Amino acid sequence: MTMGVMNLDVKDLRLVKMIAETGNLTKAAGRLNVSQPALSRQLFDLEERVGARLFERNPKGMQATATGQDLLELAGELLERVEATENAITSKLNCGSGQLNLAIHCMPIFACLPEVLKLYHAHYPNVRLTAQSTTDFDDDLKQNRCDLVITMHNEAKKGLVFEPLFSDEVVIIAAPDNPLTSGDYLALKDMSKANYASWIGKECDPICAMLKASNISPLSCTVMGEVNSLMHMVSTSSALAFLPRFTAREMLASGKLKACRLQDRPMNATWYMAHRQDRPLPIYAKGLIKIIREAMATAPGRP
């Protein structure tokens with residue numbers, strides 16, 4: 001490493017702060033909405049500019065070196081002021097009012113929506129935010145029936161932009177006394193002994209596609225489009241379901257559901273905010289994206 005011009009910026013300080021908080025590059029990358037390799041490159045570049053290592057790896061995770069602690073203290077001092085200034089400028093520029101139509105293309109996100117809406121209205125009390133479900137968000141965006149769409153699909157669509165919001169682990173949920181999930185892991189082949197409950201139609205369900213590709217057929221497959229109803233049904237039956245951990249966090253914490261992982265197949269899902277490329281987002285729309293990212297980064301029960 002060679003000492004040179006550091007050119008520190010806010011992104012550098014956020015990187016240091018998040019790695020220190022999580023102690024793990026993978027977790028820090030998820031909360032910063034970048035890939036782990038990209039975050040590793042950013043850290044390497046920052047250490048090259050600083051001229052010293054900022055973190056050491058040990059059994060407890062990544063811990064800041066003396067130089068890293070110096071940057072961490074700087075981050076603590078500046079980032080709070082930066083956020084306060086951003087909020088003040090935002091309030092002035094958007095004049096505190098507007099209309100924002102949000103569409104939901106994935107039912108599990110409804111689990112965090114009340115908290116997000118509460119935070120959003122606290123920051124933008126005079127913005128009228130509406131939320132509705134959509135089955136064809138591409139057409140809804142192009143026909144101006146919505147401004148933003150939360151979706152788990154990010155396949156390339158002409159004229160649309162997909163901004164990553166957050167990622168979460170997908171787990172198998174079951175009633176606490178379900179014998180198939182007595183351990184921490186379930187083998188895929190054991191799904192042949194299970195009654196599978198899905199929140200999405202079979203033709204769109206990636207779990208159904210995975211089972212079919214492995215020539216595995218569950219005992220039954222029940223589709224319930226409303227996620228809360230699905231979780232309550234699973235909690236009182238022999239059925240299994242695959243859901244993002246954050247969706248079931250309250251019932252997992254209360255002991256009404258148990259979670260386990262699929263053996264040898266780590267599963268994660270990523271949510272995106274889609275919007276039209278030819279329409280610059282107003283600041284209060286960008287504010288919603290920021291609030292969702294921050295709310296999910298600190299949500300209880302998330303890794």
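The values are calculated or read from the model by the stated rules, or taken from the named source; none is laboratory data. Being a predicted model, the structure only gives us computed values, none of them experimental. In this analysis, Cβ positions are derived from the backbone assuming ideal geometry, glycine residues included, and neighbour counts consider all displayed protein chains.
Brief remarks on what is shown
- If the condition is being not in a loop (DSSP other than H, G, I, E, B) and not hydrophobic (A, V, I, L, M, F, W, C), then the range 162-177 contributes Glu163, Pro164, Ser167, Asp168, Glu169.
- For the range 229-248, taking the residues that are farther than 16 Å from Ala194 by Cα and without any contact (Cβ under 8 Å) to a residue 60 or more places away in the chain, the one that is surrounded by the fewest Cβ atoms within 10 Å (Cβ to Cβ) is identified as Ser229.
- First in the range 146-157 and farther than 23 Å from Met267 by Cα, second anywhere and basic (Lys, Arg) and outside any loop (DSSP other than H, G, I, E, B), Cβ under 9 Å, 6 or more apart: Asp147/Arg276
- Look at (1) surrounded by 12 or more Cβ atoms within 10 Å (Cβ to Cβ); (2) at pLDDT 90 or above and you find that Gln143 fails only one, number (1).
- From Asp45, Asp12, residue being crowded, with 17+ Cβ neighbours inside 10 Å, at pLDDT 90 or above and part of a helix (DSSP H, G or I): Asp12
- Members of the range 273-299 that are loosely packed, with under 15 Cβ neighbours inside 10 Å, of a type in the set (Lys, Arg) and either within 18 Å of Arg245 (Cβ to Cβ) or in contact with a Pro (Cβ under 7 Å, 6 or more places away or on another chain) (or both): none
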